[in-house]
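Here the structure comes first, spelled out in structure tokens, and everything after it is commentary.
The values are calculated or read from the model by the stated rules, or taken from the named source; none is laboratory data. All values reported here derive from a predicted model rather than from experimental measurement. Positions of Cβ are generated from backbone atoms using ideal geometry, with glycine treated the same way; all protein chains shown enter the neighbour counts. These area figures cover heavy atoms from the full protein model, side chains too; ligands, DNA and RNA do not enter into them. Shrake-Rupley method; radii C 1.70, N 1.55, O 1.52, S 1.80 Å.
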Amino acid sequence: MPKLLALTGSPSAHSRTVVVAEHVLRRLDHAGFETSHLDVRLLPAADLLSARRGEPEIRRALEAVAAADGLVIATPVYKASYTGLLKAFLDLLPQDGLAGKTILPLAAGGSLAHVLTIDYALRPVLAALGARHVTAGRFVLDSSVERGAGPDRLRPEAELDLYQAVDEFADAVRSATATLAATP
């Protein structure tokens with residue numbers, strides 16, 4: 001069974017980006033994948049910023065990325081780009097740290113003015129780290145994440161669009177793992 005890791009790069013404890021990533025993980029769980037979530041915000045800040053790869057929590061996080069067949073990389077948009085927190089973590093990966101992996105990039109932000117963040121800021125970094133296949137990502141407007149007395153949820157139109165991307169990602173992961181399994 002392919003292993004998938006959601007990597008979220010929001011510094012906020014009440015992140016809409018995490019809500020989006022959790023929706024994605026539930027969809028992938030129902031599709032039969034083994035999933036886990038790495039919230040970069042919870043890693044020790046001093047170790048992360050000092051690039052202490054050998055520290056236990058950082059080492060486990062890097063091992064989780066290495067063990068994953070596919071990654072969902074989700075970030076809020078700050079200053080027309082992905083977060084510095086996510087960048088600090090991606091900088092810890094080896095140059096080929098995403099080699100052989102299928103990636104679903106996601107971004108959340110307050111304005112459609114930032115919809116190209118995935119293609120112009122995040123995708124080049126993922127490619128530079130050797131990602132095998134970066135699927136079509138999705139930008140989710142903050143206003144599409146509804147919070148209230150009950151569980152956080154996505155507006156139906158945003159959820160449908162997101163699930164289309166998730167299903168394409170799931171198909172790409174299955175195809176990649178089948179190809180690897182068939183290779184002698």
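Rounded, prolate or oblate: which one fits the stretch 1-58, using the alpha carbon gyration tensor with axes a ≥ b ≥ c (rounded when a/c is under 1.5, else prolate when a/b beats b/c, else oblate)? Cα axes put the stretch 1-58 in the oblate bin.
Treating only the Cβ atoms of Lys and Arg (+1) and Asp and Glu (-1) as charged, compute the dipole magnitude of the chain about its Cα centre; round to the nearest 20 debye. Numbers along the way, then the final one.
Working: 19 positive and 21 negative charges, 61 e Å.
So the dipole magnitude of the chain works out to roughly 300 debye.
Expressed as a whole percent, the accessible surface of the chain that belongs to carbon and sulfur atoms is 54, based on a 1.4 Å probe.
What residue among 128, 182, 139 has its Cα farthest toward the positive end of the dipole of the stretch 27-184, where the charges are +1 on Lys, Arg and -1 on Asp, Glu, each on the Cβ? The residue sitting farthest along the positive end of the dipole is 128.
This model, with +1 at the C-beta of Lys and Arg and -1 at the C-beta of Asp and Glu, gives the stretch 94-184 a dipole about its Cα centre of some 240 debye. Note on the chain: GNM, Cα springs under 10 Å; of 150, 137, 110, the largest mean-square fluctuation is that of 150.
Apply the a/c threshold of 1.5 to the C-alpha gyration tensor of the stretch 76-117 and tell me whether it is rounded, prolate or oblate. Cα axes put the stretch 76-117 in the oblate bin. Each Lys and Arg contributes +1 and each Asp and Glu -1, all at the Cβ; summed about the Cα centre of the stretch 25-133, the dipole is approximately 200 debye.
Within the chain, DSSP assigns beta bridges of which about 15% are antiparallel (rounded to the nearest 5).
Any idea what the relative contact order of the stretch 103-184 is, in percent, if you count C-alpha pairs under 8 Å spaced at least 6 apart? Working shown, then result.
Details: 76 pairs, mean separation 26.1, N = 82.
Value for the stretch 103-184: 32 percent.
Would you compute, from DSSP H runs of 4+ residues alone, the mean residue ellipticity of the chain at 222 nm, taking -39500 (n - 2.57) per run and dividing by the full residue count, rounded to the nearest 500?
Values: 6 runs with 72 residues, N = 184.
About -12000 deg cm²/dmol.
Taking a ≥ b ≥ c as the square roots of the eigenvalues of the alpha-carbon gyration tensor, the stretch 1-143 is classed rounded because a/c is under 1.5.
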